[in-house]
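Enquirer: Before I ask anything, let me first share the structure, which is written out below as structure tokens.
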Amino acid sequence: MFGRSAFVFLAVLSLATVGFSVNLLSPTIQGVKNGDVIDLGTIGPGQTVSILIDPVMTTGGIHGSGGVYDRAEAIELPRGWTTSASKLYQNPLQVTITADSKAKEGSYNTSITVIDELGGEQLGDVTFKVKVRITYDVMDFDVTPTSITTGPGQPARFAITISNKASTSDVFELGADGLGRRWDFRKLIFVPAMTSKTMYYEVAGSEEEVYTPTISVVSKASDIIHDEKNITLVVRSDLIGDYKATNHGTLIFPIFEATAYSLAGLLSNLFGS
């Protein structure tokens, strides 16, 4: 009778281990069992995703009251991909996976194993798969307006919006070229996943001329993720040009004439640039 009871107990324990799960904290909050597949969403080449796992369990284990997992790591990575395993006894356990900076578009799979070192707490290791889709279409950017007419030395202000469509954050290098050392620049912009940021580029031309600087955005994760746009700055000193400049820069007329010239700036929009 004792032997049969022991057999039943071990069978129940085995079933509990098979059905056991760990708790994901990010990118989603859910329980994950052996063999489950988690969709991490869409990222670009070279971008990094992080998986956060709660190491503390309140059930199972050597005494049935839970325990703490010791570490987690990614295994079976696609060629050219890299990973950083969690630190030992980290809370939460964090595993990062970085796509190959030259990865082609498509779906990729890897696995995460959550480990009870040496089986010390008899939690049973948990291994689940993660799926990531690589696409080059993870960034949009827009410049408004695309053309400004202003007078010599008067500022023109362009709004630049970067949209990160990926499931992970990224750093983008924003640049402007074509107006000389004074106005050309490079700036790093951090854009969280699925959000947008708007910056302003203010520039002034000293000579009557048509300037066509280039605004560019490049992901620091991979230069595959990039785009550029040309904008136009028309600098001229005619009266309509001066009026139009009041719409884009600092008002340079005497204060008592401000109302009249503001109205002139609005009316000037009826004229071509």
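Enquirer: How charged is the neighbourhood of Phe128? Take every other residue with its Cβ under 13 Å from the Cβ of Phe128, and add Lys/Arg as +1 and Asp/Glu as -1.
Expert: Local net charge: -2.
Enquirer: Let me ask you something else. Convex hull over the alpha-carbon atoms of the stretch 20-134: what's its volume per residue in Å³?
Expert: Values: hull volume 9.6 nm³, N = 115.
So the per-residue hull volume is 84 Å³.
Enquirer: When His226, His63 are ordered from fewest to most other Cβ atoms inside 10 Å of their Cβ, what list results?
Expert: Listing His226, His63 from fewest to most nearby Cβ atoms yields His63, His226.
Enquirer: List residues of the stretch 118-139, by number, whose backbone nitrogen lies under 14 Å from a label position 7 Å along Cα→C-beta of Ile62.
Expert: It comes to 118-124, nothing else.
Enquirer: Can I ask one more? Just list whichever of Lys131/Lys187; Lys129/Lys229; Lys129/Lys187; Lys102/Lys129; Lys129/Lys220 have alpha carbons separated by over 31 Å in the model shown.
Expert: Lys131/Lys187; Lys129/Lys229; Lys129/Lys187
Enquirer: If contacts are Cα pairs under 8 angstrom and at least 6 residues apart, what is the relative contact order of the stretch 139-246 in percent?
Expert: Relative contact order of the stretch 139-246: 35 percent.
Enquirer: At a Förster radius of 22 Å, what calculated FRET efficiency corresponds to the Cβ-Cβ distance of Val143 and Glu207, to the nearest 0.05?
Expert: Values: r = 23 Å, r/R0 = 1.03.
Efficiency, from the Cβ-Cβ distance: 0.45.
Enquirer: What FRET efficiency do you get for Asp177 and Ser237 if R0 is 25 Å and r is their Cβ-Cβ distance, rounded to the nearest 0.05?
Expert: For R0 = 25 Å, the calculated efficiency reads 0.45.
Enquirer: Where Lys and Arg each count +1 and Asp and Glu each count -1, what net charge lies around Ser26 among other residues with Cβ under 15 Å from its Cβ? If you can, show how the numbers build up before the last one.
Expert: Numbers: positive: none; negative: Asp39, Asp54.
My count for the surroundings of Ser26 gives -2.
Enquirer: Same structure, new question: Run the quick spin-label model on His226 and Thr161: label points 7 Å from Cα toward the beta carbon, then report their separation in nm to one decimal.
Expert: 2.5
Enquirer: Around Gly106, with a cut-off of 14 angstrom between Cβ atoms, what is the net charge of the other residues, counting Lys and Arg +1 and Asp and Glu -1? Could the numbers behind the result be given before it?
Expert: Numbers: positive: Arg79, Lys102, Lys104, Lys131, Arg133; negative: Asp100, Glu105, Asp137.
Net local charge, Gly106 excluded: +2.
Each value in this text was obtained by applying a stated rule to the coordinates, not by laboratory testing. All values derive from a computational prediction rather than experimental measurement. Neighbour counts are summed over all protein chains in view; Cβ atoms, including those assigned to glycine, are modelled from backbone coordinates with ideal geometry.
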